[in-house]
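A.B. asks: Below you'll find the structure I mean.
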Amino acid sequence: MPASAAPAFICLHYWAGSRREWAAVAAELAPDYACLTPDLGGFGSAPAPVGGYSVQAYAEAIAAYIREQGVRTYILVGHSMGGKIALALAAQQPVGLRGLALISPSPPSPEPMTDEERTTSLHAYGNPQAAARTLAHITARPLPEDTNAQVIEDNLRTTRAAWDAWLLHGSRENILAQMPLITVPAVVLAGDADAVMSPSLHGLETLPHLPPNTPLEIIGGAGHLLPLEAPQEVATLLREFADSLAS
């Protein structure tokens, strides 16, 4: 498929991450597909979001970004927190949206997290040792040392406001009422060794609210950070999804 005719991938990163997580996936998809990878407000190098930190505010900010970039047709790709934002944006039925790919997504219902886990995460802000422990917990495949350093650096440069807002509010938001408005084809990708959000969680909390026959693609031996742990497999599945939309 020539790049000029192909939809772009708009890729939204995970909580406490950044646009850098998509570099290897984007390289695998090039030159056939372009990947636009914005930093979400308060993460990476992005300033605080003008509209606030709610899921809806993030969705509206991404919609504005897509318009500013002049993208005509695109596939939304959301990872973890980015998945919930992608769900909210897809429910707006924006012009040009062709498909929705969710990678280990935060569900449209409140994310399952115990009070103890939430408190521990709140207290972990800005702590390099805690960031390293989190990285070890959420990955199943070993990452190169420079990638490990990148994940920890992204964790530590997240703003306090964005960190707390997701833990206290965004992850708890319930956007189930919006889900019947999603009409584009969708796919869900998950690692079978994800210690944060298991494939069964996606089957219970996300898939029932997507268009009928939405597939759940399982990547073996991988954890929560699929774009970093399994970039080739993720790119292959995204390419197959995009090709299916064109056929």
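The values are calculated or read from the model by the stated rules, or taken from the named source; none is laboratory data. Note that this is a predicted model, so its numbers are computed, not measured. Every residue, glycine as well, gets a Cβ built from its backbone with ideal geometry; the counts of neighbours run over all protein chains shown. We work out accessible area using only protein heavy atoms, side chains counted, and drop any ligands, DNA or RNA first. Shrake-Rupley method; radii C 1.70, N 1.55, O 1.52, S 1.80 Å.
A.B. asks: Cβ-Cβ under 7 Å, sequence separation 6+ or interchain: first residue in the stretch 199-226 and within 21 Å of PRO180 (Cβ to Cβ) and among the hydroxyl-bearing types (Ser, Thr, Tyr), partner modelled with pLDDT of 95 or more and not in a loop (DSSP other than H, G, I, E, B). Which pairs?
C.D. replies: What qualifies is THR206/LEU102; THR206/VAL188; THR214/ALA186; THR214/VAL187; THR214/VAL188; THR214/LEU207.
A.B. asks: On the given criteria, is ARG133 in contact with a Leu (Cβ under 9 Å, 6 or more places away or on another chain), without any contact (Cβ under 8 Å) to a residue 60 or more places away in the chain and part of a helix (DSSP H, G or I)? First the steps, then the outcome.
C.D. replies: Values: in contact with a Leu (Cβ under 9 Å, 6 or more places away or on another chain): no; without any contact (Cβ under 8 Å) to a residue 60 or more places away in the chain: yes; part of a helix (DSSP H, G or I): yes.
No: the conditions fail for ARG133.
A.B. asks: If I go through the stretch 61-103 residue by residue, how many of them are under 14 Å from the mean Cα position of the chain (by Cα), farther than 21 Å from GLY42 by Cα and among the hydroxyl-bearing types (Ser, Thr, Tyr)?
C.D. replies: 0
A.B. asks: Can you name the condition, by its number, that ALA190 falls short on among (1) more than 24 Å from HIS209 (Cβ to Cβ); (2) of a type in the set (Gly, Ala, Ser); (3) not in a loop (DSSP other than H, G, I, E, B)?
C.D. replies: Condition not satisfied by ALA190: (1).
A.B. asks: It is to be established whether one or more residues within the stretch 186-197 are open to solvent by less than 40 Å² (accessible area, probe 1.4 Å) and among the charged types (D, E, K, R).
C.D. replies: Here is the first cut: in the stretch 186-197, the residues open to solvent by less than 40 Å² (accessible area, probe 1.4 Å) are 186-191, 194, 197.
Still in the running and among the charged types (D, E, K, R): 194.
Yes: one or more hits.
A.B. asks: Which residue out of LEU181, LEU204, LEU216, LEU226 is surrounded by fewer than 19 Cβ atoms within 10 Å (Cβ to Cβ) and under 16 Å from the mean Cα position of the chain (by Cα)? Step through it out loud before you land on a result.
C.D. replies: Details: LEU181 fails: under 16 Å from the mean Cα position of the chain (by Cα); LEU204 fails: under 16 Å from the mean Cα position of the chain (by Cα); LEU226 fails: surrounded by fewer than 19 Cβ atoms within 10 Å (Cβ to Cβ).
Only one candidate qualifies: LEU216.
A.B. asks: Right, here's the next one. GLU217 is checked against (1) part of a strand (DSSP E or B); (2) out of contact with any strand residue (DSSP E or B) (no Cβ under 6 Å at 6 or more places or on another chain) and fails just one. What number does that condition carry?
C.D. replies: So GLU217 meets the others, but not (2).
A.B. asks: Okay, next question. Is it the case that LEU135 is over 22 Å from PHE9 (Cβ atoms), surrounded by 14 or more Cβ atoms within 10 Å (Cβ to Cβ) and not hydroxyl-bearing (Ser, Thr, Tyr)?
C.D. replies: Working: over 22 Å from PHE9 (Cβ atoms): yes; surrounded by 14 or more Cβ atoms within 10 Å (Cβ to Cβ): yes; not hydroxyl-bearing (Ser, Thr, Tyr): yes.
Considered against the rule, which asks whether it is over 22 Å from PHE9 (Cβ atoms), surrounded by 14 or more Cβ atoms within 10 Å (Cβ to Cβ) and not hydroxyl-bearing (Ser, Thr, Tyr), LEU135 comes out as yes.
A.B. asks: Can you name every one of the helices (runs of 4 or more DSSP H) wholly within the stretch 11-118 that holds 1 or more residues which are touching a His at 6+ places or on another chain (Cβ under 8 Å) and either open to solvent by less than 10 Å² (accessible area, probe 1.4 Å) or at pLDDT 95 or above (or both)?
C.D. replies: Qualifying helices (runs of 4 or more DSSP H): 81-90.
A.B. asks: Condition check: modelled with pLDDT of 95 or more and open to solvent by 50 Å² or more (accessible area, probe 1.4 Å). Does LEU210 satisfy that?
C.D. replies: Working: modelled with pLDDT of 95 or more: yes; open to solvent by 50 Å² or more (accessible area, probe 1.4 Å): no.
It is false that LEU210 is modelled with pLDDT of 95 or more and open to solvent by 50 Å² or more (accessible area, probe 1.4 Å).
A.B. asks: Would you pick out the residues in the stretch 234-247 that are in a helix (DSSP H, G or I) and surrounded by fewer than 19 Cβ atoms within 10 Å (Cβ to Cβ)?
C.D. replies: From the stretch 234-247, those in a helix (DSSP H, G or I) are 234-246; that's our starting set.
Correct list: THR236, ARG239, GLU240, ASP243, SER244, LEU245, ALA246.
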